[in-house]
Each structure stands twice: as C-alpha cells, then as structure tokens.
Amino acid sequence: MAITGILRFWQTYKNIGRIKEIVNVFLRHGFGQFIEQVNLQRFIPLRKRLKFFKRWPEVEKHTVPQRLRMVFSELGPSFMKLAQLLSSRPDLITQEYADEFKKLQDKAPPFPAEEAKQTVESELGVSIKDVFPEFEDTPAAAASIAQVHNATLKSGEKVIVKVQRPDIRERIEADTVILAVIARLMLKYIPESKFFNPAGIVDEFSKTVKKELDFVIESRNAQRFKRN
C-alpha cells in the first residue's frame, strides 16, 4: 500500500480507535518510553499521560519480555500471531524473547460454538444439521486465527471442521496496516531498530497470515460436505 494510502487509513475514525487501544495496552504494561520514542503519545489525552507514564511497581515486577508477551496476548489474534512468528527468530529478538513468545503458541481462547456454527452455515448455505448431524460445541483446538470442531457427516464419517474466527480477516488486515506504520515510525525515530528490520518482519507476517487465511483445502472439504 502506498504511503498516502496508509496515512489516509491512519486518519479514519474506526482505526484511530484501534490505534488508541494498542497505545493504551502498551502503556498499561509499562512501555511508555517506547510510545514516546515513536511519537504515539499524541493518541493519549494530555490529562491521562501522567497516569500512564508513571512507574508502577506491579508492572515492573515482570521482565520486559514477559510484559511484551502480555501486550501481544491482550491485543488479540494479530499480535499473538506476530509473537508466534517472532518466537522462531531468536537471531532477531534474542532467546529470552523467543522463549516468552513461544508461550503464546496455540493459546488463544475459543470463541462461542454458536458463532462457529453460524459461520459454517453461512459458508455452506444450509443448516448445519443438514450437513453435520453431530457437531461438537467444545472445540478440539483453538488458535489465533481459527478453531477446530469434531463433527460427523450423514454418512457417519468422522471429520474435523476448521472455522475462522469471526471478522478475523478484516481485523488482521487492519492491524497489519497499523503494524506497518509502527514499523516505519520505529525506523524513523529509533535508528538502531534497523538491525532487526521491523518493516521486513511485518511484511513476512503479512505473507504468512494471508496463507493461513486462505482456507482452500477447507473450502474444498466444505463443498464435499455439502454434496454429502
């Protein structure tokens, strides 16, 4: 996306809300200095800055890698996926950070079964009971992008159904643009950040997550389920 496009995106009200949320979470976990370094303190009202930028003993009892892992966990699927990607790159972020980020591997909370069923019905265009007489409400596994449910076809065949989180594509696309802007701000205001290439990391993240969002195999299976 061109720089002008990113700036227009940055200025939209909807995404300003998400940017403020991201900034607040970083501040709450003791990253006020980083927020100031990349010039994001403008998204915090002046009257609140003293509260957020003061030193909090309950925050500082955790290591920086622990606090950053908490930030990524709180900010949801996009940031959890980024942490998972970074966990495989101790050469870029040091082993201490990599070990901490590994704790986010497949640790996403499940979303409600009713939402999963609605997604399946929307994709297939029929009632879920017409395809899966049995569809387990409790997911067999939940990850940052999707969760898996055990189900049974009319033929009696046992299958697994992988269902994307609601609105996950839109949320990740929005967060990816925001991350790209933050990467540019890091390169501008923190010159030493060029040694771990934040823009390249975001680009790699974007390519990886796009592949995971492309449920080609699942779509083919869905068509087979529908025919059955």
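The values are calculated or read from the model by the stated rules, or taken from the named source; none is laboratory data. Source: prediction; values computed, not measured. Cβ sites come from the backbone with ideal geometry, for glycine too, and all protein chains shown count toward neighbours.
Being closer than 13 Å to residue 201 by Cβ and more than 12 Å from the chain's Cα centre (by Cα) is the filter here; which residues of the stretch 64-97 pass it?
Listed by number, the residues that qualify are 86, 87, 88, 89, 91, 92, 93, 97.
Just one of (1) within 27 Å of residue 27 (Cα to Cα); (2) assigned to a strand (DSSP E or B); (3) not β-branched (Val, Ile, Thr) trips up residue 150, so point out which.
Single failed check for residue 150: (1).
On the given criteria, is residue 202 touching a residue at least 24 places away in the same chain (Cβ under 8 Å) and not assigned by TED's automatic domain parsing to the domain that holds residue 37?
yes
Step by step: first the residues of the stretch 171-214, then only those that are at pLDDT 90 or above and within 22 Å of residue 110 (Cβ to Cβ), then the one that is surrounded by the fewest Cβ atoms within 10 Å (Cβ to Cβ). Which residue is that?
This residue is 171.
Just for the stretch 15-46: of the residues that are aromatic (Phe, Trp, Tyr) and in a helix (DSSP H, G or I), which one is farthest from residue 72 (Cα to Cα)?
My answer is 43.
Within the group 124, 185, 153, which residue is in the same structural domain as residue 15 (by TED's automatic domain parsing) and of a type in the set (A, V, I, L, M)? Steps first, please.
Details: 124 fails: in the same structural domain as residue 15 (by TED's automatic domain parsing); 153 fails: in the same structural domain as residue 15 (by TED's automatic domain parsing).
Sole residue among the options that is in the same structural domain as residue 15 (by TED's automatic domain parsing) and of a type in the set (A, V, I, L, M): 185.
Residues of the stretch 148-183 being of a type in the set (Lys, Arg) and closer than 30 Å to residue 130 by Cα, which ones?
Matches in the stretch 148-183: 154, 158, 162, 165, 169.
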